[in-house]
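To start, the structure itself, in structure tokens.
What follows draws every value from the coordinates through simple rules; no lab data is involved. Note that the coordinates shown come from a computational prediction; the quantities given were computed from them, not determined experimentally. Counting neighbours? That spans all protein chains shown, and the Cβs are built from the backbone with ideal geometry, glycine included.
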Amino acid sequence: MPTLERHWTLHVERPTPEVARVEITGAWRKEEQLPDPSEVWREIEGGPPVHRLTFDTSHVTDWDSGLVTFAIKVLAEAKARGIECDRAGLPKGVQRLLSLAEAVPERQTGRAGAKAFWLARIGVRATAGWAETTAGLTFLGEGMLAFGTLLRGRARFRMVDLFAVIQECGPRALGIVSLISFLIGLILGFVGAVELQQFGASIFVANLVAIAMTREIGCIMTAIVMAGRTGAAFAAQLGTMNTNQEIDALSTMGISPMEFLVLPRMLALILMMPLLTIYSRIPRTSSGTPTARWSRRGRSCTESTERSTRWPHSSTARSRASTPGSTRSESWPSTWTTVSTRWPRRPRPRSRRRRWRSATSGRSSRTCATSLPGSTPRSIRC
């Protein structure tokens, strides 16, 4: 197997016992199988301790990123051992690249490290949960203290800020609240109409939409919209102020950030949430109207279709039966009955005087003759 010819050389010399000089000559390219930096430290460890490391690259004919990588590794090991390094002997381009690499720190990417022990993971999660619980309780306590200061009339915030937050939480939230309430009511009404129509209870779609949206879903959806829209806006504003150190400036001036920033937003949410919940009843109740009309139209079409196909007393059947030359035995039953699809009318109650006259004078007997096609008349007392 032929051996590859080296176009580079590496030597470590000692001008003084405490100084080591790394001499590099030839072409240092990454395809030339460059040496490992550990060879430099093997030669240095063979003598007395070194306190200073220099480079000599005056005889380097060509170089690329291979020389830069070699220099970075040597310098990192020297820094770890506490040895002073002199980069003046390196090429100017290498020095600029090294300065650029050190100016920008390494970005932490999602590298998969060694998995911690299960007991350590439990401890980390327990510590994080306790820290979050403590922060939440601290915020709640500071909020209660701010409300107490407000009740005593000593809260320090501007009414202009309060009205601005009320406008942000109230009138500017009407659009999204209306849209979400209308769509939720429409979906609930449509699903309820499809299911209730199978049992002939389509009339209860109105009750389903009105009662369910008013009692449960309406307030929940309004709260979700407020938490998602307004809460996210508040978090972004306060986070930006914290980044710009504006909250620290308020604390330095002796102004409580809880009273000046958080209290107006809490008051605005407390005032606007009930009003938005009441307003959301209008779109969510009106959203059931299209569904109710659709279900009523579908029910009417279904009833008319069933009436014309199942009952022989329809207009088509009568016209066919009355056609000269047609016999009943072909396709129609021999006895005709009249079936009413309307609900029976409630009997009108008689007055007390009319009932007294009927009891004293006796009932009059009348004979009502009823007859059906193909049957004999009979008399009944009515």
Efficiency by 1/(1 + (r/R0)^6): what FRET value for residue 56 and residue 255, r their Cβ-Cβ distance, R0 = 56 Å, to the nearest 0.05? 0.35
If R₀ is 30 angstrom, what is the calculated FRET efficiency for the pair residue 236 and residue 206, using the beta carbon separation as r and rounding to 0.05? 0.15
Just subtract the alpha-carbon distance of residue 142 and residue 194 from 0.36 nm times their residue separation and send over the number in nm, one decimal. 13.6 nm
Where does the charge balance sit around residue 184 when Lys and Arg score +1, Asp and Glu -1, over other residues with C-beta under 15 Å from its C-beta? +2
Rounded to two decimals, the Debye log10 I(q)/I(0) of segment 141-290 (Cα scatterers, no solvent) at q = 0.13, 0.14 Å⁻¹ is -0.68, -0.74
Expected sort for 97, 275, 119 with the fewest Cβ neighbours (10 Å cutoff) up front is 119, 275, 97
Run the numbers for residue 27 and residue 278: contour at 0.36 nm per residue of separation, minus the present Cα-Cα distance, in nm. 82.3 nm
Give me the dipole magnitude in Debye, nearest 20, for segment 141-290 about the Cα centre, with unit charges on the beta carbon: positive for Lys and Arg, negative for Asp and Glu. 320
Arrange the following residues from fewest to most other Cβ atoms within 10 Å of their Cβ: 98, 67, 186. 98, 186, 67
If the cut-off is a Cα-Cα distance under 26 Å, which lysines reach residue 79, setting aside same-chain residues fewer than 8 apart in sequence? 30, 92
Kindly identify segment 33-108 as rounded, prolate or oblate by the Cα gyration tensor criterion: order the square roots of the eigenvalues as a ≥ b ≥ c, call it rounded if a/c is under 1.5, otherwise compare a/b with b/c, prolate if a/b is larger, else oblate. oblate
R0 = 45 Å: FRET efficiency of residue 160 with residue 18, Cβ-based, nearest 0.05? 0.05
Between residue 102 and residue 179, what is the label-to-label distance in nm when each label sits 7 Å out along the Cα-to-Cβ direction? 5.5
Per-residue Cβ neighbour rank within 10 angstrom, fewest leading, 21, 87: 87, 21
